[in-house]
Amino acid sequence: MRHIARFLAKTAGQLSRALGRGGGTSIPGTLLMKLRPRTLQEMARELDEGIVVISATNGKTTTTRMISNIAQKSGLSYVTNASGANLTGGIASALL
């Protein structure tokens, strides 16, 4: 079921972009979480090097972009949602 749910979620994102209904940055994760409510926990376990969470009132997207840039230049593996979709649907989409 996990692979089917991931396939359907990715397809929803592609359709969203193709139909001009959005950037497909949240809908895949939102759908995936409906199909598999514990998907964030499952995918987070696959991140062997840990997780960095950025939380604040202002500056989250800018801070995330700076840290992503540092990680990229350092050759580190990382996952980010560059669109700034930082609610659970966007996080699940990035991990997907």
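Considering region 11-55, the residues that are open to solvent by 100 Å² or more (accessible area, probe 1.4 Å) and in a helix (DSSP H, G or I) include one that is nearest to residue 83 (Cα to Cα), namely 17.
Figure legend. Inter-residue proximity from region 57-74: first residues under 16 Å from residue 91 (Cβ atoms) and at pLDDT 90 or above, second residues aromatic (Phe, Trp, Tyr) and not in a helix (DSSP H, G or I), beta-carbon distance below 7 Å, spacing 6+ or different chains. Indicated pairs: 68/78.
Just to be sure, is residue 92 within 10 Å of the chain's Cα centre (by Cα), under 26 Å from residue 3 (Cα atoms) and part of a helix (DSSP H, G or I)?
yes
Using the structure shown, decide if residue 75 is open to solvent by less than 80 Å² (accessible area, probe 1.4 Å) and either outside any loop (DSSP other than H, G, I, E, B) or under 21 Å from residue 28 (Cα atoms) (or both). So residue 75 fails the test. Residue count for region 79-96, restricted to those that are at pLDDT 85 or above and surrounded by fewer than 16 Cβ atoms within 10 Å (Cβ to Cβ): 1.
When the test is whether a residue is part of a helix (DSSP H, G or I) and more than 26 Å from residue 1 (Cα to Cα), residue 63 passes it. Considering only residues in region 1-51 that are within 13 Å of the chain's Cα centre (by Cα) and among the β-branched types (Val, Ile, Thr), the one that is nearest to residue 79 (Cα to Cα) turns out to be 51.
The values are calculated or read from the model by the stated rules, or taken from the named source; none is laboratory data. Fair warning: this is a prediction, and the values are worked out from it, not measured in the lab. Every residue, glycine among them, receives a Cβ derived from its backbone with ideal geometry; neighbour counts consider all protein chains shown. Surface areas here come from the heavy atoms of the whole protein model, side chains and all, with no ligands, DNA or RNA. Shrake-Rupley method; radii C 1.70, N 1.55, O 1.52, S 1.80 Å.
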